[in-house]
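Asks: Below: one structure in structure tokens.
The values are calculated or read from the model by the stated rules, or taken from the named source; none is laboratory data. A quick note: this is a predicted structure, and the numbers were derived from the prediction, not measured. Virtual Cβ from ideal backbone geometry, glycine too; neighbours counted across all protein chains shown. The area values use the complete protein model at the heavy-atom level, side chains included, leaving out ligands, DNA and RNA. Shrake-Rupley method; radii C 1.70, N 1.55, O 1.52, S 1.80 Å.
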Amino acid sequence: MNAYLDVQGLTKSFGALQLFDNLSFSISEGQHVGLVARNGTGKSTLLSILTGKEGYDSGEIIYRRDLKVGYLEQSPRFDPEESVLDACFNHQGDDEKVLRAKQVLTQLKIRDLHQPMGQLSGGQQKRVALANVLLTEPDLLILDEPTNHLDLDMIEWLEGYLSRGNRTLLMVTHDRFFLDRVCDSIIELDSHTLYTYRGNYAYYLEKRQHRIDVARAEIERANNLYRRELEWMRRMPQARGHKAKYREDAFYELERKAKQRIEERQMRLKSSNVYIGSKIFECQYVSKAFGDHVMLRNFYYNFARFEKMGIVGNNGTGKSTFLKLLLGLEPVDSGRFDIGETVRFGYFSQEGLQFDEQQKVIDVVRDIADYIDLGGGRHFTATQLLQHFQFTPDQQYNYVYKLSGGERRKLYLCTVLMRNPNFLVLDEPTNDLDIQALQILEEYLADFPGCVIVVSHDRYFMDKVVDHLLVFKGDGEIKDFPGNYTQYREWCALRPKEESSADKTEKRQKREYRNTEKRKMTYKEKTEFAQLEKDIAALEEEQKNIEAALCGGTSDIEEITRMSKRLPLLKEELDEKSMRWLELSELMS
């Protein structure tokens, strides 16, 4: 295959800290590669090195000649005075490019193209940066956390966009649904070594576990042999012959291998000492609005004991506001929250905790408590909690300023858990956490004997953790759904087809962009509109049949190949016809 990028022997250190040593990998045309690793191991640094933003110690980075590379940084920066449209690209009056920019920005819910970038939030700026990199249509897309600050509709749109065509991708993301659906290769950076898996995220999980099992077996064999050789070393006199010297050298190599460690949590953090009464909270007909923007309208809900609820919805529909109202951090306009006397909240906010940069990691946690009482005479110390969340003994005695963004989020999480709450309120807890940390948190919440409310755009995480949803639809409309996110999406797909709120939003946005006077639809356009409705219905039915056949496992190889080639073309055709249908529908509204 045609190699777009070839990396040979790449090494990078920061003082005594070595991020990676002698890394080698390549990316070929059409590959969709996901890079996974723990927080603090250098994922973002590697992307910065590949794009020339940062230097490296040794090695070679070779791009195919004349290759156009697009790079989405984790925290992009813009000129605060330039408009959204100018920040996307220098359109130079090209109407076709401007139209294309409007379409992409509409999908990412950026409405005012002439708004100065300095007036946008950090999340909105990240979305403009994403639109920018997509619009430049590079040969190789390098994306650092592309799903951060996207709501579920945007994430699903981006999945479809990146899956179509023959784009070449290298991306860092902790969104496991996204990895599974978009990527066909996973590279994992672990203990300064790179491992490559030719498959999606589910394939990676299977093969990674096999690799770990094999490594454990080898270490166990080395340990058994090491014990025998250690006895020989102790018995042998200092003066040894040539053969004995050879065996002595082999012993030290064996000792190195035997003392390898595959990090593993030896203890599940399960507390039997958390008590919560039968009364949790009752949301009594609460209303809240900011000007004309309604968040809740006369909303009633009675929260049950041990309930684990997920809150989903588009950005700006009131999810975080609901949590702040519950916690008393934001006043209600009317109604009230009646909270049980035994409830002890632990709140993990999007904003995070402001740390003393000169404080040591262990002291941040010990300032809250020295240990958690697990009941039955068992305790979980601050050191054990930090180690449980992947902070090594050395890292625990490091200063806060040395931590990466993801490590700071983990430390913040530890400070919340160290208070031993019986009701966890988690607002986007998965942002910036690595996959291993997410798995630890999922395990903790599965064992948690109290109540949980989670706001998250991480669909995989929500499916693992929650058994109930509140769906915030906007304008104060909230749907109560008894199930997880995947079950909710399946339920939505089974409903009779109707115009969704997203379609209404797109129509409104397109009306805002139109600078021509309204006119009535011509006879030719009416005919085209009617045909489009038939074509779209047929394409959707074909897409549904193909996806069902691919999941069914009954087709032969030739049929699977044919359907796999047809599916991305079908989705592209469906998008084009749907966009044209929206344009014509404007003339009817």
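Asks: In what order, largest first, do 581, 491 sit by accessible area if the probe radius is 1.4 Å?
Replies: Correct descending sequence by accessible area is 491, 581.
Asks: Now a separate question. Full extension from residue 447 to residue 342: what is 0.36 nm times the residue separation minus their Cα-Cα distance, to one decimal in nm?
Replies: Once the chain is fully extended between residue 447 and residue 342, it gains 35.8 nm.
Asks: Tell me, in nm to one decimal, what length is gained between residue 11 and residue 572 on full extension, where the rule is 0.36 nm per residue of separation less the Cα-Cα distance?
Replies: My answer for the length gained is 197.9 nm.
Asks: Can you tell me the FRET efficiency between residue 545 and residue 29 if r is taken as the Cβ-Cβ distance and R0 is 25 Å, rounded to the nearest 0.05?
Replies: E between residue 545 and residue 29, to the nearest 0.05, is 0.25.
Asks: Please report, largest first and rounded to whole Å, the three semi-axes of the ellipsoid equivalent to the range 1-66, where each semi-axis is the square root of five times an eigenvalue of the C-alpha gyration tensor.
Replies: 22, 14, 10
Asks: Evaluate E = 1/(1 + (r/R0)^6) for residue 373 and residue 394, where r is the Cβ-Cβ distance and R0 equals 35 Å; express this FRET efficiency to the nearest 0.05.
Replies: The pair residue 373/residue 394 has a calculated efficiency of 0.80.
Asks: Now for a separate question. Compute the convex hull volume of the Cα atoms of the range 32-179, divide it by the residue count, and report the result per residue in Å³ as a whole number.
Replies: 131 Å³
Asks: Just order 81-88, 13-20, 428-435 by mean Cβ neighbour count inside 10 Å, highest at the front, would you?
Replies: Per-residue Cβ counts within 10 Å, averaged per peptide and sorted highest first, yield 428-435, 81-88, 13-20.
Asks: If r is the Cβ-Cβ distance from residue 525 to residue 196 and R0 is 51 Å, what FRET efficiency results, to the nearest 0.05?
Replies: E between residue 525 and residue 196, to the nearest 0.05, is 0.50.
Asks: Another question, if that's okay. On a full-extension model of 0.36 nm per residue, what is the gain between residue 559 and residue 493, subtracting their alpha-carbon distance, rounded to one decimal in nm?
Replies: Taking residue 559 through residue 493 to full extension adds about 21.2 nm, to one decimal.
Asks: Let me ask you something else. What is the range 287-338 by shape, rounded, prolate or oblate, if you read a ≥ b ≥ c off the alpha carbon gyration tensor as root eigenvalues and call it rounded for a/c under 1.5, prolate for a/b larger than b/c, and oblate otherwise?
Replies: In terms of gyration-tensor shape, oblate.
Asks: Would you mind checking the pairs 464/544; 524/577; 534/565; 534/577; 319/479 and listing those with alpha carbons more than 19 angstrom apart?
Replies: The pairs that break the limit, which is 19 Å between Cα atoms, are 464/544; 534/565.
Asks: Still on this structure: Along the Cα→Cβ direction, 7 angstrom out, place labels at residue 121 and residue 384. What is the inter-label distance in nm?
Replies: According to this spin-label approximation, the distance is 3.9 nm.
Asks: Heavy-atom accessible area of residue 99 with all protein chains present, probe 1.4 Å, nearest 10 Å²?
Replies: Here the residue's solvent-accessible area equals roughly 90 Å².
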